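Peer 1: Below is a structure I'd like to ask you about.
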Amino acid sequence: MASSREYLEFISEQLSELDEITFRPMMGEFIIYYRGKIVGGIYDDRLLVKPIKAAISYMPTATYESPYEGAKEMLLVDEVDNREFLTGLFNAMYEELPAPKPKNKK
């Protein structure tokens, strides 16, 4: 099941206090970038983030869920209604996220 445009708009509004949040459509779902780094995505109308140490510390009771069959598990963000929580989570994660890979020149 693909994610709805309405859920994407809701999450986008919840993250609107952060600079440089972008979304990229990917096979009916959406990858979320924060200042150029991949934080997670929207899968089946669920917000999932990478299970890095900062995210695990910020959400110690979060459940692990697979974004799609065969994928590595990610952390489910339950508190999507709490804008302050989401802003804090993304800011806590940013430094630990890997830098984007350089694109190959053709």
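Bear in mind these aren't lab numbers, they're just calculated from the coordinates by the rules spelled out. Because the structure is predicted, anything quoted here is derived from the model rather than measured. Here the Cβ is made from the backbone with ideal geometry for all residues, glycine too, and neighbour counts use every protein chain on show.
Peer 1: Under the rule that an exposed site lies in a DSSP loop and has at most 10 other Cβ atoms within 10 Å, name the longest stretch of the chain with no GluC sites (Glu not before Pro) of that kind, not counting the sites themselves.
Peer 2: With GluC sites (Glu not before Pro) excluded where exposed in loops, the chain gives 21-68 as its longest stretch.
Peer 1: Report, in cubic angstrom per residue, the convex hull volume of the C-alpha atoms of the chain.
Peer 2: Expressed per residue, the convex hull around the Cα atoms of the chain is 114 Å³.
Peer 1: Sticking with this structure for a sec: Rounding to the nearest 20 debye, state how big the charge dipole of the range 55-101 is about its Cα centre with +1 on each Lys and Arg Cβ and -1 on each Asp and Glu Cβ.
Peer 2: Dipole size: approximately 200 debye.
Peer 1: How many lysine pairs are close in the chain, with Cα atoms under 19 Å apart and the two 8 or more places apart or on different chains?
Peer 2: Eligible lysine pairs with Cα atoms under 19 Å apart amount to 8.
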